[in-house]
Amino acid sequence: MKVRVLGLLLAVLFFSAATARGQAPVDGDFVAANARDHAAYLASEIGERPAGTLGEQLAAGWLAGQFADLGYTVRVQPFTFNRLGQPLVGMNVIATKPGLPGYGAVYVGAHYDTVGIAPGFLGGPGAIDNASGVGVMLEGARVAAGSIYTPTLHFIAFGAEEDYLVGSGRFVAQLSGRERVAAVGMLNLDCVGWGDEFRLIVAREADRAFAERLGVDADWLGSERWGASDHLSFTAVGIPAAFFNILRDDLTCGPGYHQSSDTADLLELPAMQRAGDALLTALDSLAVQAAPIHDIFLPLALSPPAAP
Ligand SMILES: [Zn+2]
């Protein structure tokens, strides 16, 4: 009896300590309603968030807090850029879960900005484009926090995607040569909250094998259809990348694309569930396949490419 009471006391102390550190409960399943709630908060409570605006800053602060609550190490990467000749500051929010030494890194990305304020753009709260991707990434990060992965995981909320992929471009620009070589791959979530056709888009035929290795059950996989998003910044520096996207009847990003009607009521749970399950399947596949990267090969891999 004494032993059981002691055990109960220890359990209470343990869980009290865990709660005091703000750790989220461990749950192995992706819950689409959580992803939808995150997306709805971004779209409805924060609203429009073009890079360089107060909306973006509010969203970045909220995202950093969400990742920190999940136990991730968080850093914010600010960057400067121009929109219509006006200098502005945008930011990426980067959450990291360390893996085993030498096993490289997997990058998961979703842009949290909405379309920039410029002629021809109506703006809008960006529920599908791309609060949906950010919501799926946050819920995926919650599940991943309770698992062990051999590669290091980086979850990145990119700013200024709508300004010609500036945020992801600045992110890859600050990767060292060693980090580029050690990159296992990048998974990009953009417009995954509406529709019923799940696409895995690659920018180059060379990335097709990488996308197939993810073990994700996609309705379509290839490089022939539209797909301008943050994964392009990674393929541009030679990092394999795949773009997760969901559409319906060839309409991508929902009926309110880049307009004030891209609101949270459009978010569809089955689409977000499918994207989240695919993300976790892909992370598991990459973790199983990741091989240690030996420093002895790095001088060869880092030798400068031949001039074009
Ligand atoms: Zn987008």
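A short reminder: the numbers here are calculations on the coordinates, not readings from a lab. Values in this document were obtained by computation on a predicted structure and should not be read as measured data. Ideal geometry is used to build each Cβ from the backbone, glycine not excepted, and the neighbour counts take in all protein chains shown.
Rounded to the nearest 20 debye, the dipole size of the stretch 26-118 about its Cα centre is 320 debye, using +1 on the Cβ of Lys and Arg and -1 on the Cβ of Asp and Glu. Summing Cβ point charges (Lys, Arg +1; Asp, Glu -1) relative to the Cα centre of the stretch 28-290 gives a dipole of roughly 960 debye. Reducing the stretch 208-277 and the stretch 70-102 to their Cα centroids gives an inter-centroid distance of 22 Å.
Among the GluC sites (Glu not before Pro) within the stretch 163-262, those in coil by DSSP and having at most 10 neighbouring Cβ atoms inside 10 Å are 224.
Projecting the Cα atoms of 127, 285, 228 onto the dipole axis of the stretch 28-290, where Lys and Arg carry +1 and Asp and Glu carry -1 at the beta carbon, places 285 farthest toward the positive end.
Phi angles of the stretch 232-240 translate, via the Karplus equation with coefficients 6.51, -1.76, 1.60 and θ = phi - 60°, into HN-Hα couplings of 4, 5, 7, 5, 4, 10, x, 8, x Hz per residue; Gly and Pro are given as x. Which residue, 238, 64, 182, has the largest displacement toward the positive end of the dipole of the stretch 28-290 when charges sit on each Cβ (Lys, Arg +1; Asp, Glu -1)? Checking the options against the dipole of the stretch 28-290, the answer is 182.
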